[in-house]
């Protein structure tokens with residue numbers, strides 16, 4: 001799925017506790033996936049922390065399997081059914097996603113429900129400043145990302161059969177309420193003055209007007225597969241946070257790369273954009289606005305403050321899981337350590 005420039009890249013042996021009965025799975029694939037032919041070999045991707053993700057290799061082609069993790073799950077979490085539904089609809093609408101083949105709700109086949117999709121071959125850039133490519137290609141890849149998120153926000157929900165994919169409207173009220181509640185109720189992680197300030201300020205400063213589109217929820221360079229040699233997005237991955245939401249929430253989440261430092265996931269603040277041939281933030285925003293028919297984006301400080309708050313609330317939740325001894329990822333402590341800096345950055349956005 002890409003090169004191995006990250007601890008999350010590549011596939012290897014199946015991790016203990018995530019094993020699959022290959023004979024049973026191969027029989028199911030033969031009955032449910034068009035043109036499937038074994039023999040089958042199984043590896044597990046190092047990424048896909050939330051939903052275990054596997055590389056299924058046959059002599060003719062390679063597939064990807066996304067399954068729910070084993071064990072007790074929170075209600076509504078790890079909703080692979082939603083992920084299968086949205087990528088099936090987007091593929092039919094001509095948006096770059098892998099082709100989804102089939103979904104299995106029967107836990108008896110692989111231990112938990114799963115779905116099967118195409119393995120898209122290409123490049124994944126784990127650093128969003130794309131350091132490994134030429135300056136000419138870099139600008140073109142940024143333009144391709146911009147065009148892709150603009151295309152996503154203009155998907156016709158009715159034509160795609162996604163009008164009931166979530167609640168339309170009041171996205172910011174609902175999101176701020178949800179993340180504030182999670183933050184305030186997690187006693188194990190403690191409180192931060194910066195987070196308290198955001199919890200108070202954000203709901204009182206939601207910009208007027210409302211829009212609804214399909215949103216990805218985690219639109220970053222490392223959630224895309226680019227063509228092996230062309231500046232073209234072949235597939236957008238990891239749709240588990242997708243919903244009906246406000247397109248400017250989704251776009252400004254993506255835009256955080258300009259405001260976050262390199263040690264906070266996806267950021268390149270402080271880089272020499274001109275030398276790297278990365279468009280300025282203003283030019284990147286203008287390109288999105290042109291593609292989506294907007295005159296501009298007012299209230300940018302609100303949108304970026306909101307997204308950094310949401311991200312900080314996720315890190316606060318990880319900090320709580322560490323305190324309770326339930327954090328699964330070995331990267332959890334490093335991520336949680338960024339919480340105070342990220343919360344302070346969020347406050348800096350709302351203060352303009």
Tell me the mean residue ellipticity at 222 nm calculated for the chain from its helices only (DSSP H runs of n ≥ 4, each -39500 (n - 2.57), averaged over every residue, nearest 500). -12500 deg cm²/dmol
By how many degrees, between 0 and 90 and to the nearest 10, does the Cα long axis of helix 339-350 differ from the longest principal axis of the chain? 50 degrees
Can you give the alpha-carbon Rg of the stretch 168-224 over 2.2 N^0.38 Å, where N counts its residues? 1.38
At q = 0.09, 0.13, 0.14 Å⁻¹, base-10 log of I(q)/I(0) for the stretch 11-118 (Debye sum, equal scatterers on each alpha carbon): -0.21, -0.45, -0.53
Tell me the label-point distance for the pair residue 280, residue 227, using the 7 Å Cα-to-Cβ offset, in nm and rounded to one decimal. 3.0 nm
Which of 232, 178, 259 ends up with the largest GNM mean-square fluctuation for the chain, with Cα atoms connected below 10 Å? 178
Can you figure out the FRET efficiency of residue 14 with residue 167, using R₀ = 30 Å and their beta-carbon distance, to the nearest 0.05? 0.20
Among 179, 126, 239, determine the one that fluctuates most according to a GNM of the chain built with springs between C-alpha atoms less than 10 Å apart. 179
Give me the extension gain from residue 61 to residue 46: residue separation times 0.36 nm, minus the current Cα-Cα distance, reported in nm with one decimal. 3.3 nm
Shape of the stretch 127-237, Cα gyration tensor, a/c cut at 1.5: oblate
Largest first and in whole Å, give the semi-axes of the stretch 281-352's equivalent ellipsoid, each being the square root of 5 times a Cα gyration tensor eigenvalue. 32, 13, 9
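Mean separation of Cα pairs under 8 Å and 6+ residues apart, divided by the residue count of the chain: what relative contact order is that in percent?
After rounding, I find 16 percent.
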For all pairs of alpha-carbon atoms in the stretch 135-350, what percent lies in each bin of width 5 Å, listed from the first bin to the last filled one? 1, 7, 14, 18, 20, 17, 13, 8, 3, 0
Which FRET efficiency, nearest 0.05, do residue 37 and residue 333 yield, Cβ-Cβ r, R0 51 Å? 0.70
For the chain, with a Gaussian network of springs between Cα atoms less than 10 Å apart, report the residue from 42, 314, 133 with the top mean-square fluctuation. 133
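Only the coordinates and a few stated rules stand behind these numbers; no lab work does. This structure is a prediction, so every number in the text was calculated from the model and none was measured. Heads up, the Cβs are rebuilt from the backbone with ideal geometry, glycines too, and the neighbour counts pull from every protein chain shown.
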